[in-house]
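The values are calculated or read from the model by the stated rules, or taken from the named source; none is laboratory data. Only a predicted model underlies this, so the values are computations on that prediction, with no experimental measurement involved. Here Cβ is always computed from backbone atoms with ideal geometry, including for glycine, and neighbour counts include all displayed protein chains. Side chains are part of the model used for accessible areas, which takes the heavy atoms of the whole protein and leaves out ligands, DNA and RNA. Shrake-Rupley method; radii C 1.70, N 1.55, O 1.52, S 1.80 Å.
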Amino acid sequence: RVQIDENVFHLPQIDFACGVSDNGFECVVDTLEKLCQINGFIVESGISYHYHGRGLLVPEEWKQFMNMLCEHYETVDVRWATIRRDLGYSALRLSENIDKPDRPRVIAILSPLKYEPLKEDRQLRFVF
């Protein structure tokens, strides 16, 4: 949650269920396109991926967004989405911990104008 003055907003975030691989990365990008999330960061979290959007959503938009995530059960961690929706906020880790020793790292930046991979071995490119 983000609070500005008396207003509450949410950042769109997604915990993906696809494993780290070229195919998993492509599934993440395809899902983000379907969800119209083209302004944010794709993060490799160790065994999967996270998405951190750059826009702010009002609470009702955020709840609709979280409900949409549940429809993408093949690529999104629906358990995470359901729990976060029910709690009223989303959260994804930004550092390593005892159970998850891999530090999440940004591997791609999405913008409304272009997709910029940060890894040389990821050659996917497209323009919106």
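Annotations for the structure displayed:
- For region 8-20, the criterion of being within 14 Å of Ala108 (Cα to Cα) and either without any contact (Cβ under 8 Å) to a residue 40 or more places away in the chain or hydrophobic (A, V, I, L, M, F, W, C) (or both) is met by at least one residue.
- Total residues in region 83-123, condition part of a loop (DSSP other than H, G, I, E, B) and either at pLDDT 65 or above or open to solvent by 60 Å² or more (accessible area, probe 1.4 Å) (or both): 24
- Residue that is farthest from Cys18 (Cα to Cα) [pool: residues in region 73-82 that are open to solvent by less than 50 Å² (accessible area, probe 1.4 Å) and part of a loop (DSSP other than H, G, I, E, B)]: Asp77
- Residue pairs meeting the criteria (Cβ under 8 Å; at least 6 apart or on separate chains; first under 22 Å from Glu61 (Cβ atoms), in region 30-48; second outside any strand (DSSP E or B) and of a type in the set (Gly, Ala, Ser)): Ile38/Ser111; Asn39/Gly55; Asn39/Ser111; Gly40/Gly55
- Of all residues in region 55-72 being in contact (Cβ under 8 Å) with a residue 24 or more places away in the chain and not in a helix (DSSP H, G or I), the one that is most open to solvent (accessible area, probe 1.4 Å): Leu56
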